[in-house]
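A.B. asks: Take this structure first; my questions come after.
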Amino acid sequence: MKTDIIVGLGSCGIASGAQEVYDFFEKNIGGSDVALKKTSCIGICFQEPIVEVVINGVKTAFGKVDTAFAEKLLAGVRSGRLPETNRIFDDEGTKSFVGPQVKIALKNCGKIDPENIDEYIATGGYEGIKKALAMTGDEVIALLKESGLKGRGGAGFLTGQKWAFLKGAKGDKKYLVCNADEGDPGAFMDRAILEGDPHSVIEGMLIGAWATGADEGYIYCRAEYPLALKRLKIAIEAAEKRNLLGDNILGSGKNFVLHVKEGAGAFVCGEETALIASIEGKRGMPHLRPPFPAESGVNSKPTNINNVETYANVPRILTSGAASFNKYSYGQSFGTKVFALAGKVKRVGLVEVPMGLTIREIVEKIGGGSSTGLPLKAVQMGGPAGGCIPESLFDTPIDYASIGATGAIMGSGGMIVMDSSSCMVDVAKYFLQFTQAESCGKCTFCRIGTKRMMEILERITQGEGTMEDLALLEELADVVGKSSLCGLGQLAPNPVKTTLRYFRDEYIAHIKDKKCPAGVCKPLITIEIEKEKCKGCTACSKVCPVQAISGSVKQPHVIDPAKCIRCKMCIEKCKFGAIRVI
Amino acid sequence: MKDKCCCNGVLDEAKEVVAHIGGTKDRIIPLLQEIQRRRGYLAEDLVNGVAEVTGIKPAEFFSVGTFYSQFRFTPLGKNIVKMCKGTACFVAGADPLIDAAESYLGIKSGETTPDGMFTLEIVSCLGCCSLAPVVMINGKVYGKMTRARLTQLLEEYRK
């Protein structure tokens, strides 16, 4: 009887304790006929750490595995009777989480050992490049155009068209770049692919190299992803040994050498001209286009840049055909999109959905709705360049044009769900603070305009804003967007614009009523103890860092608003729900 | 030439760095990363040494070094506390956690405690959004953090 125990060792699995579980198995598995394997993130983050047991090809997945449960599991494997609890696919929640998803880019994530090239090959890996090598470059490009694949980094440009530009560019030296500098806070799609299925990205680039005539490539990956970097390097080495990279690939006469370049932490390097500057060892500052990278990119040679998810889709289109991809469609969007679903939903994780599914289906069906019991208010899509889509527009389908019409952008795939406890002015301030800090400083409007916008938002959240500030904020948002060179500045006002459009009443409440309706902005809230509910247990007065709470034992306590710093420690501590924000 | 560096030991180390990483302009970022890996920060003597060995002006190294957030110019503390302020952590209450860490350690983010025990940093996303809010101490991620647990944790690391 052949038995495998497979532990999910993605970054978040490890953070949840998967490494301890793996170490436990390693130590205790003994010389039995049980093999211990590892895989990466399967996307069902809310069940981490996940362990899969495969007995004669029959898989059973267990969630929330700690070392105590691992011990039970190992005993079960030995006795032939696996535990009945913790089975994730018996759970209705997991069923609704997985049900509406279609896995193309994430096909292998959480299923294969990413450090073992044979497991990738066993799933049909590197068949795509073999197919491509039997075609001409133009035929490959035509196939990609037919599939309708668009750039998954957010801009949504037709990938086949982009490749055609590079193929048509003059020059004997051409570069292919993979943008793996996933800088959006709250997004981890690319990390999951790099950690879980690095060969799919390498193969996608290889197909691109064949189609466009590039012979050298870079994967520009952020240094904050040590596991992804490690697995990429292992994968490249393995591919080189199999003659899938290097000279005369598979006897075709095609050469392609691939390097990994570690980023050094600059959000603006997601912009392609800045990324190229960074590859060349310079400050990552964007330059004016044209010339576009397809004419003059890395070392002033023609260059094509796509993101991780885009490349990961390519081998699947080659092996299964354009129709297998574009049968999922909505308007002019084809295939699937990966989202990192996080925030105030019951089930968080990495999801891949067909185009046309609505935001509501993702949030409510896959995500299971609000995790706090409070009503949901908005989803934020596209990170600092995107916007907040209000609950009233949750029926918007996943489609580049439809999402764009709301004022947000499809983006690279961050999807953060917010409930009524989020203050939308504060959210706008958060994103602007981010872009403000990340502005490279080249364009005046981005450098100074975002600073002035930030100051206005600070005034408003301090209760010192005026209605004129709103008009000024809108004017600035408009000119910063219009007068900046690159995407960072052009899109930086989006979070402000969308919150002003959909949550204007919250701005007005801050300005006119001097109230923060969500109870977030400290100068605009008061913390109060409800006499009727207070039992006088003194827990709050003990935890208060500024001794603002007074009262005798078993008597209702009182907060001195002059001393209170609104840290809400007392609210966390109170067992009776007697303390509230007004 | 050699009196630009404070001693030959640094120059030898610089030569080692360059031999390992390469000495052309497109290697400036990896060179800085290597210096930081060795010293924990961009030590001026070693940066100058590497500049001398490669023949690239020190200004070019500092120009690049000051642009990227990965690089630092002061030594790190014994324990590195990274407070995640990605969107998911922000929504889950990263700000009060950061306040708590700052007031417990008595420093602002980006600073190191005078006793050299802790360096506090804010990072924009650690990619563990399902565990928000998260804090990373010395490379280990702690999820679903609360202020009480955080101060307890910091207390343990102090020992």
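Just so it is clear, none of the values below were taken in a lab; they were calculated from the coordinates. Not measured: the values here are computed from a predicted model. Heads up, the Cβs are rebuilt from the backbone with ideal geometry, glycines too, and the neighbour counts pull from every protein chain shown.
A.B. asks: With 20 Å bins from zero, work out the P(r) of the protein assembly as shown over every alpha carbon pair and list the percent per bin.
C.D. replies: Spelled out bin by bin, the protein assembly as shown gives 16, 49, 31, 4, 0 percent.
A.B. asks: What average number of partner chain Cβ atoms lie no more than 10 Å from the Cβ of the residues making up A:272-282?
C.D. replies: On the way: counts 0, 0, 0, 0, 0, 1, 4, 2, 4, 12, 8.
Mean inter-chain Cβ contacts per residue within 10 Å come to 3.
A.B. asks: Which whole-percent values make up P(r) of region A:162-298 when all C-alpha to C-alpha distances are grouped in 5 Å steps starting at zero?
C.D. replies: 2, 10, 20, 21, 21, 16, 8, 2, 0
A.B. asks: A follow-up question, please. Could you list the GluC sites (Glu not before Pro) in region A:29-135 that lie in coil according to DSSP, counting only those with at most 10 other Cβ atoms within 10 Å of their Cβ? Walk me through the numbers on the way to the answer.
C.D. replies: Values: sites: A:E52, A:E71, A:E84, A:E92, A:E115, A:E119, A:E127; in loops: A:E84, A:E115.
Taking region A:29-135 and a limit of 10 other Cβ atoms within 10 Å, the loop GluC sites (Glu not before Pro) found are A:E84.
A.B. asks: Is there a simple number for the mean count of other chain Cβ atoms within 10 Å of the Cβ of residues in A:419-427, and what is it? Kindly include the intermediate steps, with their values, before the conclusion.
C.D. replies: Working: counts 1, 0, 2, 2, 0, 0, 0, 2, 3.
The shielding value for this peptide is 1.
A.B. asks: Assuming R0 = 60 Å, can you tell me the calculated FRET efficiency for the pair A:I582 and A:D23, based on Cβ-Cβ distance, to the nearest 0.05?
C.D. replies: On the way: r = 50 Å, r/R0 = 0.83.
Result of the calculation: an efficiency of 0.75.
A.B. asks: What share of Cα pairs, in percent, lie more than 14 angstrom apart in region B:79-158? Could the numbers behind the result be given before it?
C.D. replies: Details: 1700 of 3160 pairs.
More than 14 Å apart: 54 percent of the Cα pairs in region B:79-158.
A.B. asks: On average, how many beta carbons from a partner chain sit within 10 Å of the beta carbon of a residue in B:68-76?
C.D. replies: Working: counts 9, 7, 8, 2, 0, 0, 0, 0, 0.
Counting other chains' Cβ atoms within 10 Å and averaging over B:68-76 gives 3.
A.B. asks: Could I ask something else about it? With only alpha-carbon atoms in the gyration tensor, what are the semi-axes of the equivalent ellipsoid for region A:1-53, in Å, largest first?
C.D. replies: On the way: eigenvalues 85, 28, 9 Å².
Equivalent-ellipsoid dimensions as semi-axes: 21, 12, 7 Å.
A.B. asks: Oh, and also: Going highest first, how would you order A:527-536, B:78-87 by mean Cβ packing within 10 Å?
C.D. replies: Numbers: A:527-536: 15.2, B:78-87: 22.8.
Output ranking for A:527-536, B:78-87: B:78-87, A:527-536.
A.B. asks: Which trypsin sites (Lys or Arg not before Pro) in region A:130-230 pass both tests, a DSSP loop state and at most 16 other beta-carbon atoms within 10 Å? Please list the in-between numbers first.
C.D. replies: Values: sites: A:K130, A:K131, A:K145, A:K150, A:R152, A:K162, A:K167, A:K170, A:K173, A:K174, A:R191, A:R222, A:K230; in loops: A:R152, A:K170, A:K173, A:K174, A:R222.
Loop-located and lightly packed - A:K170, A:K173.
A.B. asks: Here's something else I'd like to know. Quick one: check the C-alpha center-to-center distance for region A:539-562 versus region A:427-484, whole angstrom.
C.D. replies: 39 Å
A.B. asks: Further question: Specify which residue in the list B:T87, A:L244, A:A105 is farthest towards the positive end of the charge dipole of the protein assembly as shown, using unit charges on the beta carbon of Lys, Arg (+1) and Asp, Glu (-1), about the Cα centre.
C.D. replies: So the residue we want is B:T87.
A.B. asks: Also, I was wondering about something else. Got a sec? Charge dipole of chain A, +1 on Cβ for Lys and Arg, -1 for Asp and Glu; which of A:V345, A:N307, A:N56 is way out at the positive end?
C.D. replies: Value: A:V345.
A.B. asks: Whole-Hz ³J(HN,Hα) for each residue in region A:151-167, computed from phi via Karplus 6.51 cos²θ - 1.76 cosθ + 1.60 with θ = phi - 60°, x for glycine and proline: what do you get?
C.D. replies: My calculation for region A:151-167 gives x, 8, x, x, 6, x, 7, 4, 4, x, 5, 4, 5, 4, 4, 5, 4 Hz in order.
A.B. asks: Most exposed first by the Cβ proxy, i.e. fewest other Cβ within 10 Å, how do A:F339, A:F89, A:F256 rank?
C.D. replies: Details: A:F339 26, A:F89 14, A:F256 22.
Ordered from fewest to most neighbouring Cβ atoms within 10 Å, A:F339, A:F89, A:F256 come out as A:F89, A:F256, A:F339.
A.B. asks: Here is a further query. For the peptides A:473-480, A:417-424, what is the packing order when you average, over each peptide's residues, the other Cβ atoms within 10 Å and list the highest mean first? Walk me through the numbers on the way to the answer.
C.D. replies: Working: A:473-480: 17.6, A:417-424: 23.0.
Packing order, densest peptide first, comes out as A:417-424, A:473-480.
A.B. asks: Collect residues whose amide H, placed 1.01 Å from N in the peptide plane, falls under 5 Å from the amide H of A:E182; neighbours closer than 5 in sequence don't count.
C.D. replies: A:R222
A.B. asks: Could you derive backbone 3J(HN,Hα) for region A:235-246 from the dihedral phi with the Karplus parameters 6.51, -1.76 and 1.60 (θ = phi - 60°), listing whole Hz in sequence and x where the residue is Gly or Pro?
C.D. replies: 5, 5, 4, 5, 5, 5, 5, 8, 6, 9, 9, x
A.B. asks: May I ask you to derive the relative contact order of region A:471-550, considering only C-alpha pairs under 8 Å and at least 6 residues apart, and to give it as an integer percent? Please report the intermediate quantities before stating the final value.
C.D. replies: Details: 37 pairs, mean separation 10.4, N = 80.
Here the relative contact order equals 13 percent.
A.B. asks: Hey, can you grab everything whose amide H is under 5 Å from the amide H of A:G387? Only 5+ residues off in sequence or another chain; H modelled, so Pro and N-termini drop out.
C.D. replies: Excluding prolines and chain starts, which carry no amide H, the hits are A:M381, A:I409.
A.B. asks: Moving to a separate point now. Which of the three applies to region B:67-115, rounded, prolate or oblate, going by the alpha-carbon gyration tensor with a ≥ b ≥ c and a/c under 1.5 meaning rounded? Could you put the intermediate results ahead of the total?
C.D. replies: Working: a/c = 2.74, a/b = 1.32, b/c = 2.07.
Note, shape of region B:67-115 comes out oblate.
A.B. asks: Which of the peptides A:182-190, A:375-383, A:213-221, A:565-573 is most tightly packed, and how do the rest follow, going by the mean number of other Cβ atoms within 10 Å of each residue?
C.D. replies: Values: A:182-190: 28.1, A:375-383: 26.1, A:213-221: 22.3, A:565-573: 18.3.
Sorting A:182-190, A:375-383, A:213-221, A:565-573 by mean packing, highest first, produces A:182-190, A:375-383, A:213-221, A:565-573.
A.B. asks: Which value in Å is the Kirkwood Rh of region B:1-132 over different Cα pairs? Before the final figure, lay out each step's value.
C.D. replies: Working: mean 1/r = 0.0606 Å⁻¹.
Evaluated over region B:1-132, this radius sits at 16.5 Å.
A.B. asks: With N residues in region A:3-90, what two-decimal value do you get for its Cα radius of gyration over 2.2 N^0.38 Å? Spell out each step's value before the answer.
C.D. replies: Details: Rg = 11.6 Å, N = 88, 2.2 N^0.38 = 12.1 Å.
Compactness ratio reported: 0.96.
A.B. asks: To check my understanding: the extent here is largest minus smallest coordinate of the Cα atoms along each principal axis. What are those three numbers for region A:42-133, in Å, largest first?
C.D. replies: Largest first, region A:42-133 extends 50, 30, 20 Å along its Cα principal axes.
A.B. asks: Spin-label point model (7 Å from Cα, Cβ direction): what's the A:V553 to A:D247 distance in nm?
C.D. replies: Going by the 7 Å Cα→Cβ label model, 8.6 nm.
A.B. asks: About its Cα centre, what dipole magnitude does the protein assembly as shown give when the only charges are +1 on Lys and Arg Cβ and -1 on Asp and Glu Cβ, stated in debye to the nearest 20?
C.D. replies: Details: 91 positive and 84 negative charges, 183 e Å.
That gives the protein assembly as shown a dipole magnitude of about 880 debye.
A.B. asks: Taking the Cα centre of chain B as origin, work out the dipole magnitude from +1 charges on Lys and Arg Cβ and -1 charges on Asp and Glu Cβ, in debye rounded to 20.
C.D. replies: Details: 20 positive and 18 negative charges, 83 e Å.
With Lys and Arg at +1 and Asp and Glu at -1, about 400 debye.
A.B. asks: Could you give the distance between the Cα centres of region A:251-323 and region A:105-164, to the whole Å?
C.D. replies: 15 Å
A.B. asks: Under a Cβ-only charge scheme (Lys and Arg +1, Asp and Glu -1), can you give me the dipole magnitude of region A:139-254 about the Cα centre, in debye to the nearest 20?
C.D. replies: Using only the charged Cβ atoms, the result is roughly 200 debye.
A.B. asks: Considering the dipole of the protein assembly as shown built from charges on the beta carbon (Lys and Arg +1, Asp and Glu -1) around the Cα centre, which of A:A214, A:L432, A:G183 is farthest to its positive end?
C.D. replies: Most positive-ward Cα: A:L432.
A.B. asks: Considering Cα pairs under 8 angstrom that are at least six residues apart, work out the relative contact order of region A:3-90 and quote it in whole percent. Display every interim value, and only then the final one.
C.D. replies: Details: 139 pairs, mean separation 28.9, N = 88.
Here the relative contact order equals 33 percent.
A.B. asks: Something else now. Beyond 18 Å between alpha-carbons counts as too far, so tell me which of A:K130/A:K337; A:K533/A:K573; A:K107/A:K337 fall in that bin.
C.D. replies: Numbers: A:K130/A:K337 26 Å; A:K533/A:K573 14 Å; A:K107/A:K337 12 Å.
The pairs that break the limit, which is 18 Å between Cα atoms, are A:K130/A:K337.
A.B. asks: Can you tell me how region A:397-445 classifies by the Cα gyration tensor, rounded, prolate or oblate, using a/c under 1.5 as the rounded cut?
C.D. replies: Details: a/c = 2.45, a/b = 1.26, b/c = 1.95.
Oblate, since a/c reaches 1.5 and b/c is not below a/b.
A.B. asks: Something else about it: Taking H placed 1.01 Å from N in the peptide plane, check which residues at least 5 places from A:K261 or on another chain put their amide H under 5 Å from its amide H.
C.D. replies: A:I219, A:Y220, A:C221
A.B. asks: So, one more: Just in region B:25-118: which chymotrypsin sites (Phe, Trp or Tyr not before Pro) are loop by DSSP and have at most 13 other Cβ atoms within 10 Å?
C.D. replies: Numbers: sites: B:Y41, B:F61, B:F62, B:F67, B:Y68, B:F71, B:F73, B:F90, B:Y104, B:F118; in loops: B:Y41, B:Y68, B:F71, B:F73.
Here the sparse-neighbourhood loop sites are B:F73.
A.B. asks: Another question, then. Considering Cα pairs under 8 angstrom that are at least six residues apart, work out the relative contact order of chain A and quote it in whole percent. Spell out each step's value before the answer.
C.D. replies: Numbers: 1231 pairs, mean separation 67.4, N = 582.
About 12 percent, as a whole number.
A.B. asks: Sticking with this one: Separation of region A:371-398 and region A:180-233 by C-alpha centroid, Å?
C.D. replies: Cα centroid of region A:371-398 versus Cα centroid of region A:180-233: 28 Å apart.
A.B. asks: Could you pull out which residues in region A:286-320 have an amide N less than 15 Å from a spot 7 Å beyond the Cα of B:D26, following the Cα-Cβ vector?
C.D. replies: A:296-304, by backbone N distance to the label point.
A.B. asks: With the cut-off at 1.5 for a/c, could you classify region B:2-67 from its C-alpha gyration tensor as rounded, prolate or oblate? Each step should come with its number before you reach the end.
C.D. replies: Values: a/c = 1.30, a/b = 1.29, b/c = 1.01.
Taking the square roots of the gyration eigenvalues as a ≥ b ≥ c, region B:2-67 is rounded.
A.B. asks: Right, here's the next one. Which three extents, in angstrom, do the Cα atoms of region A:285-342 have along their principal axes, listed largest first?
C.D. replies: Dimensions of region A:285-342 along the principal axes of its Cα atoms: 38, 32, 21 Å.
A.B. asks: OK, next. Any chance you could list P(r) for region A:424-513, counting all Cα-Cα pairs in 10 angstrom bins from zero, rounded to whole %?
C.D. replies: It works out to 19, 55, 23, 3, in whole percents.
A.B. asks: Okay, next question. Using alpha carbons only, what's the Rg to Rh ratio of region A:482-582 with Rh from Kirkwood?
C.D. replies: On the way: Rg = 19.2 Å, Rh = 16.0 Å.
Here the Rg-to-Rh quotient is 1.20.
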